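Worksheet for the structure shown next.
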Amino acid sequence: MDQGTAKVRIKAIGTAPSPTANMASRTVYHVRVGAYSNRDNAVRTHRELVRSGHKGARIATINSSGRTLHVVQAGSYSNKSRAERMLRQLRRQFPSSYISS
């Protein structure tokens, strides 16, 4: 095979969607039960969630305004109506639950 350089002509046959065009479809709705500065409180709430059937519950540690918070999430959803349905169920046992996106 010969090697070298050659002039080529490139013709676009379409365009890629802009990255911001897909942003709305990538929104994730996190159903959160609480945010605690004390990790032991987060662990206690997480255990309650798991015992009540929320096997996918998790604790996320975040920094907010210079503070470390342990956020207990029951689940994450790409569909807002599913997140709202879960929120209604959770508020019976965890009244301070909320959705974050």
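Data table
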| read-out | value |
| --- | --- |
| Residue in region 70-83 that is surrounded by the most Cβ atoms within 10 Å (Cβ to Cβ), counting only those that are outside any strand (DSSP E or B) and within 14 Å of the chain's Cα centre (by Cα) | A83 |
| Region 92-101, residues that are part of a helix (DSSP H, G or I) and not polar (S, T, N, Q) | R92 |
| Filter pass, V50 being among the β-branched types (V, I, T) and in contact (Cβ under 8 Å) with a residue 24 or more places away in the chain | no |
| Selection status of G56, farther than 17 Å from N41 by Cα and part of a loop (DSSP other than H, G, I, E, B) | yes |
| Region 84-101, subset touching a residue at least 40 places away in the same chain (Cβ under 8 Å) and loosely packed, with under 13 Cβ neighbours inside 10 Å, residue nearest to L49 (Cα to Cα) | Q93 |
| Where A24 falls short, out of the listed (1) at pLDDT below 95; (2) over 19 Å from the mean Cα position of the chain (by Cα) | (2) |
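Let's see how each residue does on (1) at pLDDT 90 or above; (2) assigned to a strand (DSSP E or B); (3) in contact with a Leu (Cβ under 7 Å, 6 or more places away or on another chain):
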{"site": "K11", "(1), (2), (3)": "no, no, no"}
{"site": "A16", "(1), (2), (3)": "no, no, no"}
{"site": "N63", "(1), (2), (3)": "yes, yes, no"}
{"site": "T68", "(1), (2), (3)": "yes, yes, no"}
{"site": "L90", "(1), (2), (3)": "yes, no, no"}
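The values are calculated or read from the model by the stated rules, or taken from the named source; none is laboratory data. On a predicted model such as this, the values are computed, not experimentally measured, just so you know. A quick note on method: Cβ atoms are made from the backbone with ideal geometry, for glycine too, and the neighbour counts reach across all protein chains shown.
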